[in-house]
Every structure is written in C-alpha cells, then in structure tokens.
Amino acid sequence: MHTQRRLLFLIFAFSGFSGLIYESIWTHYLKLFLGHAAYAPVLAARLLAAHAYTGASIPYLP
C-alpha cells in the first residue's frame, strides 16, 4: 500500500512538472508570435476562459 501511494505521488508530480514545462514552451512561442511578453499570458487566459465557457454551455446528452 505504501509503495502504491509513493508511485501515485511520483506520477502526479511528474505530470505537474511536465505541464509546467509544456506551458513554459508554448508561452515562449506565443510571445515570439505576438511580439510582446505581456500579450501571451492574456491571450492564453482568454483562450482558457473561452474553452471553459464553450464546454459549460454545451448541454450534457447521455
């Protein structure tokens, strides 16, 4: 049981670290595309909000 919990924690930590690395890479490319460092996080936040709104507005059809 203890080894399963440790393995689950390692997988969770690796997943979070990979997500941070991926976010850093695409934010850098977005910054290069947009030309200014302040626009990239704003655009990323707007895309995330639009994605969440779109997903929430679609009714669940079983």
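Are any residues in the range 1-24 among the aliphatic types (A, V, I, L, M), in a helix (DSSP H, G or I) and more than 30 Å from Tyr39 (Cβ to Cβ), and if so, which ones?
Listed by number, the residues that qualify are Leu7, Leu8, Leu10, Ile11, Ala13.
How about the range 1-19: which of its residues are exposed (fewer than 10 other Cβ atoms within 10 Å of the Cβ) and at pLDDT below 85?
Met1, His2
Looking at the range 6-27, is at least one residue over 19 Å from the mean Cα position of the chain (by Cα) and small (Gly, Ala, Ser)?
no
Looking at the range 25-46, is at least one residue of a type in the set (S, T, N, Q), surrounded by 10 or more Cβ atoms within 10 Å (Cβ to Cβ) and assigned to a helix (DSSP H, G or I)?
yes
The values are calculated or read from the model by the stated rules, or taken from the named source; none is laboratory data. Small disclaimer: the values here were computed from a predicted structure and weren't measured. Cβ sites come from the backbone with ideal geometry, for glycine too, and all protein chains shown count toward neighbours.
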